[in-house]
Amino acid sequence: MPPAAGKAEQVRAMFTRIAGRYDLMNSLMTGGRHHAWRRAAAAAVAEAPEGPALDLATGTGDLALALRAASPRRPVVAADFSEAMLRRARVKCVARNEGQVALLAADALALPFRDATFACVTSAFLLRNLADLPGGLAEMRRVTAPGGRVAALEITRPRVPGWDAAFGLYFNRVVPLVGAVVAHDRSAYTYLPRSVERFVTPAELAALMRAAGLRDVAWRRLGLGTIALHVGTA
Ligand SMILES: C[S@@+](CC[C@H](N)C(=O)[O-])C[C@H]1O[C@@H](n2cnc3c(N)ncnc32)[C@H](O)[C@@H]1O
């Protein structure tokens, strides 16, 4: 997938294609652990000042729902540029009788919100899909109120000798196969490990967050070192 102008359209088309199998694939690939990582992201912004949260690239809405569970008094806006993913999120919110998640079609690179609208902004597994990573971080920072929190979850290579090789084998060989069989989309689940391989390291992402104007940026690894959770203050 080319990294420049056409990337956004290709990413949108890909998630639209796999929306129906997205949750099942996440559970299969992670053995169900992905919910715990989103809970950690929601907990990381729970101390943000009073005010609404924005979950960017909400997909099927799991992090938006985790934010509601972590901070029941905080309304959540959940945005994504794939209508198909948003439809899944809507079904989930209705099934849980969750009326405080407002779902919205929006592009993370051009958010339809005024500066400083949100007390906290989150994203899970968005950043490596962006055509313009510094631009996306700048938008997250722009719509966060001063003192508010920004948190981002991303997949990362564990970089522990032995374990990194085993994870690479699983991610590059097994995941595309499971994607072909379960989601009927080998290319989407080949793009997944490749996009992780091409993405910046956690330390580089922290530096980019600081360059976007966030302060007190910190990150830690979850999921046996395969997930990075970054948090910063606007
Ligand atoms: C890997 S999924 C993550 C979904 C969800 N956050 C989760 O935790 O499962 C990536 C999501 O990012 C969305 N996305 C990618 N680029 C986007 C952009 N520029 N603006 C809005 N959404 C975007 C896709 O439509 C997709 O739903």
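Below are the figures for this structure:
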read-out: Cα shape, the range 160-234, gyration tensor, a/c 1.5 rule; value: prolate
read-out: Rounded accessible area of residue 192 (nearest 10 Å², 1.4 Å probe); value: 20 Å²
read-out: Centre separation in Å (Cα based) which lies between the range 76-136 and the range 198-223; value: 20 Å
read-out: Bins of 5 Å from zero: percent of alpha-carbon pairs in the chain; value: 1, 7, 15, 20, 22, 18, 12, 5, 1, 0
read-out: Solvent-accessible surface ranking, highest first, for 230, 35, 184 at 1.4 angstrom; value: 184, 35, 230
read-out: Surrounding net charge for residue 104, when Lys and Arg each add one and Asp and Glu each subtract one, Cβ distance under 12 Å; value: -3
read-out: Fluctuation leader among 217, 150, 160 - the chain, Gaussian network, Cα springs under 10 angstrom; value: 160
read-out: Residue 27 accessible area, 1.4 Å probe, all protein chains in place, Å² to nearest 10; value: 50 Å²
read-out: Ordering of 163-169, 59-65, 176-182, 129-135 by burial proxy (mean other Cβ atoms within 10 Å per residue, highest first); value: 59-65, 129-135, 176-182, 163-169
read-out: Using a Förster distance of 25 Å, the FRET efficiency for residue 87-residue 7 (Cβ separation, nearest 0.05); value: 0.60
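The values are calculated or read from the model by the stated rules, or taken from the named source; none is laboratory data. Note that this is a predicted model, so its numbers are computed, not measured. Neighbour counts run over all protein chains shown; Cβ positions are idealised from the backbone, glycine included. Keep in mind that these areas ignore ligands, DNA and RNA; they rest on the heavy atoms of the full protein, side chains included. Shrake-Rupley method; radii C 1.70, N 1.55, O 1.52, S 1.80 Å.
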